[in-house]
Amino acid sequence: MSDADTRRVRRAALSIGLWVGVSSGVVVAIGIGVLIAVVLATSRREGEEHDGGWPGGPDGMKDDFIVDIDVVVPTAIVLGVIGVVLLGVVAAVAARRSVRPLGEALRRQRNFVADASHELRTPLTTLTSRIQVLQRRQDRGEDLEAGLTDLRHDADMMADLLNDLLIAAEGESRADANVDVATAAAAAIAAMTTIAQDAEVALTIAVDQQAKAQLPEITLVRILVALLDNAVQHSPARGTVSIRIGRDLRNVTVRVIDEGSGIEGISPDQVFERFARPRESGRPRSFGLGLSLVRDVARRAGGTIEVERSTASGTIFLLTLPARR
């Protein structure tokens with residue numbers, strides 16, 4: 001367990017302990033207060049029935065009290081039962097609060113497994129395709145050096161991707177990082193080239209204005225690969241998927257444009273929900289994680305992602321990120 005997780009668990013334990021202590025103290029104090037009020041309300045001074053005070057004592061001295069046991073004992077029993085019930089409620093609430101960090105940890109663990117599985121799908125597919133190409137070149141006796149270089153680059157990118165996933169899972173950020181957006185876009189297209197070729201889809205970049213964004217390069221590459229992967233899946237054969245880069249005074253804008261049939265069977269806003277899936281129309285099954293991950297990563301970087309337009313002639317996703325000055 002990391003130091004951050006240890007501190008989080010300790011804070012949760014301290015908070016729950018204080019909450020249980022204060023709640024139990026309040027229940028006990030209320031019970032004692034009610035019991036004292038009942039005793040005072042039902043008791044009487046000894047000798048009150050004698051106008052001159054109690055026999056044998058000075059006139060007017062009435063310091064001793066008589067308590068009606070028939071009233072006090074049932075009241076104490078009822079208050080005890082109520083106190084036990086209330087303390088049981090306190091214990092139940094405390095138990096729920098105590099397991100909440102464990103539930104959050106389990107949710108994060110499951111999300112990480114799902115995210116890692118989805119994020120690794122594209123680079124693994126690329127690696128498999130490159131290996132197959134190298135095998136065919138080897139059978140034909142062709143030079144393998146360029147293919148091996150690409151294979152090594154893809155393996156390095158997968159290692160960087162895993163590191164980025166681990167950093168994101170630990171909740172850490174790298175605010176001082178920055179990346180040239182055009183460079184990251186070129187890396188994303190290089191990672192998707194093999195898959196795009198298999199789908200007979202062309203990939204292009206248009207840079208309206210050079211820009212740098214405030215996030216690590218591998219993080220932006222992850223976002224763009226996910227957007228390109230989604231666009232390629234929903235593009236027709238011999239179609240084109242384009243990345244268009246621009247910026248304004250404060251933000252970098254990246255548009256991923258495809259020539260598919262648009263978003264069908266689901267509203268544009270819902271495509272970013274976890275496990276939300278549009279109608280597949282015979283395409284390879286999507287698990288509904290890619291665009292959700294894009295939104296999560298973009299938000300952590302201080303940016304946004306939205307469907308700018310979706311029609312029967314294509315869809316445009318608009319990614320906005322803080323620009324590096």
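The values are calculated or read from the model by the stated rules, or taken from the named source; none is laboratory data. Here the structure is a predicted model, which is why all the values come from computation and not from measurement. Reconstructed Cβ throughout: ideal geometry from the backbone, glycine too, with neighbour counts over all protein chains shown. The protein model used for the area step is the full one, side chains on, heavy atoms only, and it has no ligands, DNA or RNA in it. Shrake-Rupley method; radii C 1.70, N 1.55, O 1.52, S 1.80 Å.
Here are the numbers:
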| read-out | value |
| --- | --- |
| Residue list for the stretch 271-299, filter: open to solvent by 30 Å² or more (accessible area, probe 1.4 Å) and at pLDDT 85 or above | 295, 299 |
| Qualifying residues in the stretch 117-150 (those that are among the aliphatic types (A, V, I, L, M), open to solvent by less than 40 Å² (accessible area, probe 1.4 Å) and farther than 18 Å from residue 224 by Cβ) - the one modelled with the highest pLDDT | 134 |
| Any hit, the stretch 301-309, residues being small (Gly, Ala, Ser), surrounded by 17 or more Cβ atoms within 10 Å (Cβ to Cβ) and at pLDDT below 95 | yes |
| All positions within the stretch 248-269 that are under 29 Å from the mean Cα position of the chain (by Cα) and modelled with pLDDT under 90 | 250, 262, 263, 264, 265, 266, 267, 268, 269 |
| One residue from 177, 114, 168 being at pLDDT below 80, surrounded by 16 or more Cβ atoms within 10 Å (Cβ to Cβ) and not in a helix (DSSP H, G or I) | 177 |
| Strands (runs of 3 or more DSSP E) completely within the stretch 190-268 that count 3 or more residues being open to solvent by 50 Å² or more (accessible area, probe 1.4 Å) | 202-207 |
| Qualifying positions in the stretch 211-225 - out of contact with any helix residue (DSSP H, G or I) (no Cβ under 6 Å at 6 or more places or on another chain) and either among the small types (Gly, Ala, Ser) or more than 12 Å from residue 300 (Cβ to Cβ) (or both) | 212 |
| Pair list, Cβ < 6 Å and 6+ apart or interchain, from the stretch 191-216 residues that are of a type outside the set (A, V, I, L, M) to residues that are open to solvent by less than 50 Å² (accessible area, probe 1.4 Å) and outside any strand (DSSP E or B) | 194/126; 194/129; 216/177 |
